[in-house]
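In what follows, a single structure is set out as structure tokens and then discussed.
The values are calculated or read from the model by the stated rules, or taken from the named source; none is laboratory data. Only a predicted model underlies this, so the values are computations on that prediction, with no experimental measurement involved. Glycine also receives a Cβ, built like all others from the backbone with ideal geometry; neighbour counts cover every protein chain displayed. With ligands, DNA and RNA removed, areas are computed over all heavy atoms of the protein, side chains included. Shrake-Rupley method; radii C 1.70, N 1.55, O 1.52, S 1.80 Å.
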Amino acid sequence: MQPKGSSLLNSPGQVPVSGDGDLISPAKIGATVEDVLASTPFVDIHTHLYAPAFGKLSLWGIDELLTYHYLEAEFFRSSDTTPEKYWALSKREKADAIWRALFVENTPISEATRGVIAVLNAFELPTVSPNLAEARSFFEKQDIQAHIENVLRMAGLSVVIMTNDPLDPEEAAIWKKGGAVHPRFRPVLRLDRILCNWPGHWQVLTAQGYGVDESASGKSATEVRRFLMDWHERMRPVYMAVSLPDTFEYPQEGITNRLLTEAVLPACRELNVPLSLMIGVRRQVNPTLRLAGDAAGRADLRALENLCREFPDNRFLVSVLSRENQHELCVYARKFSNLLPFGCWWFLNNPSIVEEITRERLEMLGTSFIPQHSDARVLEQVIYKWKNTRRTLAPILADSYRKLVEDGRRITRTDIQRDVTRLFRANAEAWMELRALSS
Ligand code: FIX
Ligand code: ZN
């Protein structure tokens, strides 16, 4: 069937599109989009996963999946167990309690609980079971190297980007022993302790031989910059990153902005690496929930506008946590090509919200953004998170192509492949040194 209005394609001034051979009819658009999404290996640009050389920092298996902080938050809504009692349990007991409360006594229909079901199902493990015996025995038998390859293949990923904190003593020790090069994992230098909690961490830099002080005065910024250059040399991060509160402002007097402008941004420029700003977290609104105790808040994105304008030679990879900030982020991305929006972060990673945000981004930015990252903390989570992303994205993209055909442009499989590749790989590869290790 000839696409409606295809004659417009040959009108003067029309840019020719790739070969007609793989021209697809509107009726086949949906299936083709699904097929291209399924067969394109993606880059996961922000996770909390670790290569196996990081030892116990690298989380995988059923007990870790069930004690994910997203599920812990839900557990306290469906169980009488107090946080105090819960934290005193062993990992296994915690997992059993969560399984019982959220998967046996309730139907696992939330996004995070359904994710565990999808993982169990992917490995053909029981999804309705009074206990975790079979799942535990399956994961215990896995060889981690082979399991990683298997999981990444199932998730359709070629490369996973970690989050690495040089101020974390456990991690720093591993990096100092020579690091942890792995073809599937790439590092990111995380700056939260330096930029957001300097008074609690400046002494770690002093202990490593950098001449800094508590108020980040004098030569502190120069020394932080030297610290970043040294750690860049050691880690070879693909970008640097910080998560910032909803109250973040720029310009503003204070340590965060001084170190940002005098140490971090100059180092990123010199090293030609982007800086990821993840804006809008409200840390520890309920500290009794520990990692599950953070919330979200609307930020004033004029701070981002000011940074993008004042530092045109820096590149900013940005995710914002508040749903209300998403439209402004798109507007700013239209103003500043040194701003690359990415992901539907954390509380936004639900199909209804991903759909809304992604449609808005496609409408305002075409394919010049990165639709999603997984934020996975436990290896097997990438299976369900990327399955969900593909499932949510397929009808959105198909819908855009159908409208395009209705408006007079024919569409080929090559066009769809180019777009999916750009969204889920090429935009990341253009901003980060990933090519050499991508498969
Ligand atoms: O700051 C971050 O990178 C956040 O994504 C996490 O710290 C958060 O706890 C999380 O896991 C969200 O998905
Ligand atoms: Zn994260």
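Here are the numbers for the structure shown:
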quantity: Top-ranked residue in the stretch 304-342 [being out of contact with any helix residue (DSSP H, G or I) (no Cβ under 9 Å at 6 or more places or on another chain) and open to solvent by less than 50 Å² (accessible area, probe 1.4 Å); ranked as farthest from ligand 2 (Cβ to nearest atom)]; calculated: 306
quantity: Failed condition for residue 148, given (1) closer than 17 Å to residue 72 by Cα; (2) touching a strand residue (DSSP E or B) at 6+ places or on another chain (Cβ under 9 Å); (3) not acidic (Asp, Glu); calculated: (1)
quantity: Identity of the residue in the stretch 378-395, in a helix (DSSP H, G or I) and within 16 Å of ligand 2 (Cβ to nearest atom), that ends up surrounded by the most Cβ atoms within 10 Å (Cβ to Cβ); calculated: 381
quantity: Failed item in (1) more than 16 Å from ligand 1 (Cβ to nearest atom); (2) not in a helix (DSSP H, G or I), with residue 372 passing the rest; calculated: (1)
quantity: Residue match in the stretch 223-242 (condition: closer than 21 Å to residue 300 by Cβ and either part of a loop (DSSP other than H, G, I, E, B) or out of contact with any Pro (no Cβ under 8 Å at 6 or more places or on another chain) (or both)); calculated: yes
quantity: Subset of the stretch 381-439 that is among the polar types (S, T, N, Q) and within 19 Å of the chain's Cα centre (by Cα) - its residue that is modelled with the lowest pLDDT; calculated: 438
quantity: Residue in the stretch 81-123 that is most open to solvent (accessible area, probe 1.4 Å), counting only those that are of a type in the set (S, T, N, Q) and under 22 Å from residue 284 (Cα atoms); calculated: 82
quantity: Residue pairs meeting the criteria (Cβ under 7 Å; at least 6 apart or on separate chains; first closer than 21 Å to residue 372 by Cα and open to solvent by 10 Å² or more (accessible area, probe 1.4 Å), in the stretch 45-59; second modelled with pLDDT of 95 or more and within 16 Å of ligand 1 (Cβ to nearest atom)); calculated: 48/163; 48/375; 48/376; 48/377; 50/57; 50/58; 50/162
quantity: Residue under evaluation residue 78, criteria (1) among the small types (Gly, Ala, Ser); (2) within 16 Å of ligand 1 (Cβ to nearest atom); (3) open to solvent by 40 Å² or more (accessible area, probe 1.4 Å), criterion not met; calculated: (2)
quantity: Within the stretch 1-116, helices (runs of 4 or more DSSP H) holding 2 or more residues that are at pLDDT 95 or above and within 30 Å of residue 158 (Cα to Cα); calculated: 26-39, 62-66, 69-78
quantity: Test for residue 151: is it under 22 Å from the mean Cα position of the chain (by Cα), within 16 Å of ligand 2 (Cβ to nearest atom), crowded, with 21+ Cβ neighbours inside 10 Å and modelled with pLDDT of 95 or more; calculated: no
quantity: Whichever residue in the stretch 197-219 is of a type outside the set (Phe, Trp, Tyr), in contact (Cβ under 8 Å) with a residue 12 or more places away in the chain and closer than 19 Å to residue 266 by Cβ and, among such residues, is surrounded by the fewest Cβ atoms within 10 Å (Cβ to Cβ); calculated: 211
quantity: Residue match in the stretch 73-82 (condition: within 16 Å of ligand 2 (Cβ to nearest atom) and within 26 Å of residue 295 (Cα to Cα)); calculated: yes
quantity: Members of the stretch 346-377 that are within 13 Å of ligand 2 (Cβ to nearest atom) and open to solvent by less than 10 Å² (accessible area, probe 1.4 Å); calculated: 348, 372, 373, 374, 376
quantity: First in the stretch 87-104 and aromatic (Phe, Trp, Tyr), second anywhere and crowded, with 19+ Cβ neighbours inside 10 Å, Cβ under 6 Å, 6 or more apart; calculated: 99/66; 99/132
quantity: Candidate set: the stretch 158-170, residues that are surrounded by fewer than 23 Cβ atoms within 10 Å (Cβ to Cβ) and closer than 17 Å to residue 238 by Cα; chosen: the one nearest to the chain's Cα centre (by Cα); calculated: 163
quantity: Test: residue in the stretch 261-281 that is open to solvent by 10 Å² or more (accessible area, probe 1.4 Å), outside any strand (DSSP E or B), away from ligand 2 (no atom under 16 Å from the Cβ) and within 30 Å of residue 83 (Cβ to Cβ); calculated: no
